[in-house]
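FYI, it's all coordinate maths here, none of it is from the lab. Since we're looking at a predicted model, the values are computed, not measured. Neighbour counts run over all protein chains shown; Cβ positions are idealised from the backbone, glycine included.
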Amino acid sequence: MLLNVDDLRSEARRRLPRAVFDYIDGAAEDEVTLARNEHAFNSWTFSPRVLVDVGTIDESVTVLGRRHITPLILAPTGLCGMAAPRGEILVARAAGRAGISFTLSSLSAVSIEDVAAAATAPLWFQLYVWRDRALTNSLVERAAAAGYEVLMVTADVPVFGQRERDHRNGATIPPRITVKNAFETLQRPGWLIQMLRNPRIEFANVTSNRGQAGRPFALSRYINEQFDPTLTWKDIAALRSIWKGRIVVKGIMSAEDAVRAADEGIDGIVVSNHGGRQLDGLPASLEVLPEIVDAVGPRIEVLFDGGIRRGGDVVKALALGARACLIGRPYLYGLGAAGERGVEMSVTILRAEMVRAMALLGRPRVADLDRSVLRPAM
């Protein structure tokens, strides 16, 4: 019985080869930040009010000028197609039925245009500003032409993090095929048959630049070389010349950077430590959220990403000042567990838990969620 996100995780672990599951589930080095993201929510307990009319719960929010029926946005995640064939299309369709926005990764296994053609949800596009500025600009132009509404620039990957699970599983550059990982893949025949019946996995948005080098781990060397350690705020500002819509910067973990984003006229920021997948030893995203919200006030919209596994976690992030929350691993677990239906289940589960928590707290509207909802855990 799949009752919560952890159940979806367990089912995904059962259905996927270990290397694929660990790619979704894992993080950098000792994975301390990954664990801290989840545990940080336990630092806060709820302070409920009773005898409040909660017959109708309004979970709607306005994010970057668009009304969202719930404060959830699907985060960008690379190569969803490893969890299920044509994974990004499955996620986009599930997002449309759920009435929430989906953020497509630059490193998707389905092209910008193909996802746009299949989607009924509002689409955002996540961008890495690479050394090859011509390639970077072409991705931005393609996303604009395809109707994506928001450009989300990831700022916390000047170099690639050390994800040791991937190395141990042979997901290295180039791939290291071992008896162990070949045997584990053969133990997941359902996944393997699906993969064999569908187009090979590739970084769909950049393969045209690399010809026949389109296999994901052959391309990984090229992608890793493209991360630009010289990236600065000037490069973000330069995107205004080719992108006329809203711009969000993802990877903000300090009040100073949040204020700089507001000073630069950025429309929104995502408080995020990349799910623990980059620098290990960072604080949890939730731990720095209040100070960032206090530093920028109403000057810029603050979104949150990191460690959400329950609807109550969403409520806590909103109470600490986030406008809305991004989820990544929860919907990937759903995708691995049950494909498109699993993605929809992950959103449905979190929404039901969030609405129930709001009712039990005596806060019938998202606008009622402020720091009075919380007290520090003893």
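Indicate, rounded to the nearest 5 percent, the antiparallel portion of the DSSP beta bridges found entirely in the chain. Bridges in the chain that DSSP calls antiparallel: roughly 20 percent. Cβ crowding within 10 Å ranks Thr207, Thr230 as Thr230, Thr207, fewest other Cβ atoms first. Remark: relative contact order (region 1-108) = 20 percent; criterion is Cα-Cα distance under 8 angstrom and separation of 6 or more residues.
One way to sum up the overall shape of region 33-187 is the equivalent ellipsoid from its Cα gyration tensor, whose semi-axes run 32, 25, 17 Å, largest first. Across region 259-276, coupling constants 3J(HN,Hα) worked out from phi with the 6.51/-1.76/1.60 Karplus curve, θ = phi - 60°, read 5, 4, 4, 5, 4, 7, x, 5, 7, x, 10, 10, 6, 7, 10, 6, x, x Hz, and Gly and Pro carry x. Normalised by residue number, the volume inside the convex hull of the Cα atoms of region 1-121 is 180 Å³ per residue. Couplings 3J(HN,Hα) for region 304-319, derived from phi with the Karplus relation 6.51 cos²θ - 1.76 cosθ + 1.60 (θ = phi - 60°), are 10, 8, x, x, 5, 10, 9, x, x, 5, 4, 4, 5, 5, 5, 5 Hz, where x marks Gly and Pro.
Here the spin labels are modelled as points 7 Å beyond Cα on the Cα-Cβ line, and at Met378 and Arg200 they lie 6.2 nm apart. How many angstrom separate the Cα center of region 257-272 from the Cα center of region 68-133? Rounded to whole Å, the Cα centres lie 23 Å apart. Once the gyration tensor of the Cα atoms in region 238-378 is diagonalised, the equivalent ellipsoid follows with semi-axes of 25, 21, 15 Å, ordered largest first. When shorter helices are ignored and each DSSP H run of at least 4 residues is given -39500 (n - 2.57), the per-residue value for the chain at 222 nm works out to -12500 deg cm²/dmol.
Could you tell me what a quarter of the Cα convex hull surface of region 217-292 works out to, in nm² with one decimal place?
Details: hull surface 26.0 nm².
The Cα convex hull of region 217-292, projected and averaged over all directions, gives 6.5 nm².
Close amide H contacts of Asp305 (hydrogens built in the peptide plane, cut-off under 5 Å, sequence separation of 5 or more or a different chain): Val271, Leu326.
Contact order, relative form, for region 261-315: 47 percent (alpha carbon pairs under 8 Å, 6 or more residues apart, mean separation divided by residue count). In this label model, Arg49 and Asp263 are separated by 3.8 nm, measuring between points 7 Å along each Cα→Cβ vector. Cβ crowding within 10 Å, taken as a proxy for footprinting-reagent exposure, orders Thr185, Thr56 from fewest neighbours to most as Thr56, Thr185.
Restricting to Cα pairs below 8 Å that are 6+ residues apart, what does the relative contact order work out to for the chain? Please round to a whole percent.
Working: 766 pairs, mean separation 110.5, N = 378.
That works out to 29 percent.
Lysines within cross-link reach of Lys244: Cα-Cα under 24 Å, excluding same-chain residues under 8 positions apart? Partners within reach: Lys234. Each residue of region 326-341 was assigned a 3J(HN,Hα) from its phi angle through the Karplus curve 6.51 cos²θ - 1.76 cosθ + 1.60 (θ = phi - 60°); the sequence is 8, 10, x, 4, x, 7, 5, 4, x, 4, x, 7, 8, x, 4, 4 Hz, with glycine and proline shown as x.
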